[in-house]
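Quick notes on the structure that follows.
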Amino acid sequence: MTEVAIRSNGNNVATVDGTTPTMASLAEWAGEVRAAAQIAEGLCRTSFVPKHFFDKPAETAAAILTGYELGLSPMAAVRSIFIISGTPGMYAKSMVAVVQSRGHEVWIPEQSDERVVVRGRRKGSQHVFETVWDRTRVVKAKLTGNAKYQENPQQMMVARGQAEICRQVAADALHGIPYAVEELDDFPDASPAPAVGRVTATEILNMPAAAEPNPETEAPADSAPADYVEPGITAAQQKKMHALLNETGRGDREVGLVYIAGVIGREIESTKELTKREAMRVIDALEAPAEPDLDDVS
């Protein structure tokens, strides 16, 4: 049955072979799922996928399927789509690319470290949407503590403005992707945390003693899962992880837990719930260098 036949059979009446358009459509989608799973099975174990998808075939397949609906190739999908605490997000640049591929317009008439203006127009419409991000708005939104804003305020404001305009101009083109990755990384301005020294690999392997809980980032010890059987996070791993969370601007309890959930693929209430292996994955992710800005590559 062709796509035209499926769509034209509005009453979902069974065809000669006994199938309904809904059944045929679901069967076609199931075929797409199997194809995505086959691609993901091999792809997720290569160095070509980001760390948050490494050795996670199911999540990689879901990202590929989501990207397919957005018009992205499998490789573009796994590099553009992130899942943080169950919430999907895309880089703002990728959101713009998807929106522009549908014929809509997004442009930046003004940008500096002090003020960024982003505009957009839906295909066939004369109405122009506009959003302005400046120091006043950043302060009002309590985003001055954002590490990315401190390092590159212009880039951070551009990303937020682009994401906002994309949702206003063509939310339908984004298929339910509610946020840009840059927005999911935002967090309230937190109080400065005490400096913590770096921990060596030797310390990680030889310090099994429990660490004192950090009241800013730790929940009570009895929040650990009852079926926890793998070796738990070590004291040295906790120390190093908290130091890296603070260094990367994620020292706030809620922000840190959301970030960790995005790395390990499950929500936790305390870092004490992490296994030793999960803790190593989080530390690796925190120490990984930031992805280069493709606009800066000549």
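The values are calculated or read from the model by the stated rules, or taken from the named source; none is laboratory data. It should be emphasised that the depicted structure is a prediction, and the values quoted were computed from it without experimental measurement. Every residue, glycine as well, gets a Cβ built from its backbone with ideal geometry; the counts of neighbours run over all protein chains shown.
Miscellaneous remarks
- Exclusive hit being crowded, with 18+ Cβ neighbours inside 10 Å and of a type outside the set (Phe, Trp, Tyr), set 33, 116: 116
- Single match in 122, 135 (criterion: without any contact (Cβ under 8 Å) to a residue 40 or more places away in the chain and of a type in the set (Lys, Arg)): 135
- Of the residues making up segment 71-80, not a single one is exposed (fewer than 15 other Cβ atoms within 10 Å of the Cβ), of a type in the set (Lys, Arg) and over 16 Å from residue 159 (Cα atoms).
Matching residues to (1) outside any loop (DSSP other than H, G, I, E, B); (2) aromatic (Phe, Trp, Tyr); (3) at pLDDT 85 or above; (4) under 20 Å from the mean Cα position of the chain (by Cα):
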{"site": "93", "(1), (2), (3), (4)": "yes, no, yes, yes"}
{"site": "106", "(1), (2), (3), (4)": "yes, no, yes, no"}
{"site": "142", "(1), (2), (3), (4)": "no, no, no, no"}
{"site": "148", "(1), (2), (3), (4)": "yes, no, no, yes"}
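- Subset tally (residues that are in a loop (DSSP other than H, G, I, E, B) and either among the hydroxyl-bearing types (Ser, Thr, Tyr) or at pLDDT below 80 (or both)) for segment 252-286: 1
- Evaluated against (1) in contact (Cβ under 8 Å) with a residue 12 or more places away in the chain; (2) in the same structural domain as residue 180 (by TED's automatic domain parsing); (3) not small (Gly, Ala, Ser), residue 79 falls short on exactly one condition, (2).
- Reported count of residues in segment 231-241, each being part of a helix (DSSP H, G or I) and buried (at least 22 other Cβ atoms within 10 Å of the Cβ), is 4.
- Figure legend. Inter-residue proximity from segment 242-263: first residues touching a residue at least 24 places away in the same chain (Cβ under 8 Å), second residues part of a helix (DSSP H, G or I) and of a type in the set (Phe, Trp, Tyr), beta-carbon distance below 8 Å, spacing 6+ or different chains. Indicated pairs: 245/259; 250/259.
For (1) in a helix (DSSP H, G or I); (2) within 22 Å of residue 67 (Cβ to Cβ); (3) modelled with pLDDT of 90 or more; (4) β-branched (Val, Ile, Thr), each residue gets a yes or a no:
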| position | (1), (2), (3), (4) |
| --- | --- |
| 96 | yes, yes, yes, yes |
| 99 | yes, yes, yes, yes |
| 103 | no, yes, yes, no |
| 116 | no, no, yes, yes |
| 124 | no, no, yes, no |
